[in-house]
Every structure is written in C-alpha cells, then in structure tokens.
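The values are calculated or read from the model by the stated rules, or taken from the named source; none is laboratory data. Worth saying up front: this structure is predicted, and the values here are computed from it rather than measured. Neighbour counts run over all protein chains shown; Cβ positions are idealised from the backbone, glycine included. The protein model used for the area step is the full one, side chains on, heavy atoms only, and it has no ligands, DNA or RNA in it. Shrake-Rupley method; radii C 1.70, N 1.55, O 1.52, S 1.80 Å.
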Amino acid sequence: MNGKTVSRSLRRVLLAVATGAVLSSGGAVMAPSADASMGKLAVCNATWYGAVGEIPEGWPTASGEGFHRLALKAAHNSLPFGKKVKVTYKGKSVTVTINDRGGFSSPTCLDLTYGAFTQIANTDLGNIVVNYEVLN
C-alpha cells in the first residue's frame, strides 16, 4: 500500500466513526439504516439477550410466544411478528423470526436470542454491525 491508499482508508474509517456510519466489505462508507423493506438489505447494530437466568424459559415474549434462549428468534421495534429476517455478520448468516419487541434506538435495531447470536458471532462481542434482509 502506498501513502495515499492508507490515508484514504484512514479517512473512510474516521468518517464512519464520526458519523455513525459503517463500512461495507468493499470499504465504502454507508449510513446506518435501521429498517429494510422486503428483499432490501439494511445495516444496523445487533445485540443479544437470553443469558442463563436472565429470562425464564417459556416466559411470554411480546408476541405471546414463549421465550427460548436457543431458538432462532429476534426482537425488532417495528417489524411484524412472524417476519423472517436473514442476519449476516462477517460472512456468517442466520435466519431468525421476529417474535419480540425491543426498546432500543438507532443504530441498534435487532436483539437476537443467545442461540441466534452464537450462529454468527461470539457473545463476548455483545454488539455487532450486521446486514439484514426481510425475507417474507
């Protein structure tokens, strides 16, 4: 890499950090988008819930469905219950079903169950930037 390439790359990273944007895999700066319509990709932060003892197994979620920490489910502020969403992080994907609501604000838009989060990342990360697509 020459000096101009490093400088340009550093500027992209600094711009992304300063504005809350994210970098695509190609290095382009993309504004975070908290909502995707069916078939469109969006970018947001995802967190996880369901640590051992945090929520009792079977406890009702906002949809009325019982909570199971290993299920492939997620909370979202506005997507309808039952929507399937493909969530991708660093080349790993998981398809989850929306069955709960979150009380979070941008740039976080998804709260994955422990089971779903572990399919794509280490829970020690806590909060990751993901691409997601509404499937149905």
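A few comments on the model shown:
- Inter-residue pairs, beta-carbon under 8 Å, first within 13 Å of residue 97 (Cα to Cα) and part of a loop (DSSP other than H, G, I, E, B) and in the range 57-75, second open to solvent by 50 Å² or more (accessible area, probe 1.4 Å) and of a type in the set (S, T, N, Q), 6+ apart: 72/95; 72/119
- Test: residue 53 is on the phi > 0 side of the Ramachandran plot, small (Gly, Ala, Ser), touching a Gly at 6+ places or on another chain (Cβ under 6 Å) and surrounded by fewer than 14 Cβ atoms within 10 Å (Cβ to Cβ): no
- Residue selected from the range 76-90 under the condition under 13 Å from the mean Cα position of the chain (by Cα) and outside any strand (DSSP E or B), by the criterion farthest from residue 116 (Cα to Cα): 77
- Subset of the range 119-136 [outside any strand (DSSP E or B) and either of a type in the set (Phe, Trp, Tyr) or in contact (Cβ under 8 Å) with a residue 24 or more places away in the chain (or both)]: 119, 120, 121, 123, 126, 135, 136
- The range 95-110 residues that are over 17 Å from residue 121 (Cβ atoms) and without any contact (Cβ under 8 Å) to a residue 40 or more places away in the chain, paired with ones that are basic (Lys, Arg) and not in a strand (DSSP E or B) (beta carbon under 6 Å, 6 or more apart): 98/83
- Enumeration of residues in the range 91-107 that are surrounded by fewer than 16 Cβ atoms within 10 Å (Cβ to Cβ) and more than 14 Å from the chain's Cα centre (by Cα): 103
- Candidates 79, 110, filtered to the one that is within 20 Å of residue 45 (Cβ to Cβ), at pLDDT 95 or above and open to solvent by less than 30 Å² (accessible area, probe 1.4 Å): 110
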